[in-house]
Ligand code: 6PG
């Protein structure tokens, strides 16, 4: 069962999560030389990224030992308004001294999304040096109202990908062509952490946390040898009337 933490409001959630991420990084770097963090797209994590980009949090993170990855990306140019990378660049990258080569963005400036997926997977395999699957230290994920996560949407072929680390996917709303980490890549993480805030996520959250298993893509993120957590605010997870 995932560990679920409910916070009074979004600001309290992101403040505690920023603290948690800093201490997770510091503790991991006492055992290893680098920290592989996968960032979620969408709007939910924006406040978190903005917090991590400012003191006191930014000055507690040894950015030269951090490697950032995207959990998914829209097949649009990196400066496009719909690009997840563009959002991360504006809210975080432009404010912290992360070495440019440590931002592993999905290469979307190819003429074919399959080429982008292959190139991103090649970069990940190079980073993880021949491992069977990527062992990310922390993966941040969002959830859509249809139960998708990353760009793993209900009813799409990407859900069935069990070998590749990156797949091309189709979204029901534009931009339709997406690149996404697959379940094998997600489920080999040390820690997968979902972020959900706001009343519009309460219905899907109730289904995911208390409904039948494996009905939604987000429910199929279950690290084989890692932690699974949901960090939510009280609007997304209202107290259950007993
Ligand atoms: C994306 C995200 C996607 C997102 C959810 C929630 O590319 O849009 O990766 O999975 O996390 O759709 O989006 P919001 O945070 O905007 O509600």
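Is the shape of segment 72-211 rounded, prolate or oblate, going by the alpha carbon gyration tensor and its root eigenvalues a ≥ b ≥ c, with a/c under 1.5 for rounded and a/b larger than b/c for prolate?
Rounded, because the longest to shortest axis ratio a/c is under 1.5.
Compute the relative contact order of the chain as a whole-number percentage, counting only Cα pairs closer than 8 Å that sit 6 or more residues apart in sequence.
23
Would you calculate a helix-derived [θ] at 222 nm for the chain, using -39,500 (n - 2.57) for each DSSP H run of n ≥ 4 and dividing by the full residue count, to the nearest 500?
Rounded to the nearest 500, it is -7500 deg cm²/dmol.
Sort 131-137, 206-212, 72-78 for me by packing, meaning the mean count of neighbouring Cβ atoms within 10 Å per residue, highest on top.
Top of the packing list down: 72-78, 131-137, 206-212.
Between residue 50 and residue 173, what length in nm is gained on full extension when 0.36 nm per residue of separation is reduced by their alpha carbon distance?
41.6 nm
Label residue 146 and residue 160 with points 7 Å out from Cα along Cα→Cβ: what is the distance between them in nm?
1.8
Percent relative contact order of segment 123-242, based on C-alpha pairs within less than 8 angstrom and at least six residues apart?
That works out to 28 percent.
Under a plain spin-label model, where a point goes 7 Å from the Cα along Cα-to-Cβ, how far apart in nm are residue 114 and residue 81?
Placing both labels 7 Å along Cα→Cβ, they lie 3.2 nm apart.
When the Kirkwood hydrodynamic radius is evaluated over all pairs of different C-alpha atoms of the chain, what value in angstrom, to one decimal, is obtained?
For the chain, the Kirkwood estimate is 18.0 Å.
Could you check the spin-label model distance between residue 60 and residue 227? Points 7 Å from the Cα along Cα→Cβ, value in nm.
1.5
How far, in nm, would the chain grow between residue 126 and residue 4 when pulled straight, counting 0.36 nm per residue and subtracting the alpha carbon separation?
In short, 40.5 nm is gained.
Computed over the Cα atoms, what is the radius of gyration of segment 157-242 divided by 2.2 N^0.38 Å, N being its residue count?
Its radius of gyration relative to the 2.2 N^0.38 Å reference: 1.21.
Only the coordinates and a few stated rules stand behind these numbers; no lab work does. Note that the structure is predicted; figures quoted are calculated from it, not measured. Cβ: placed from backbone, ideal geometry, glycine included. Neighbour counts: every protein chain shown.
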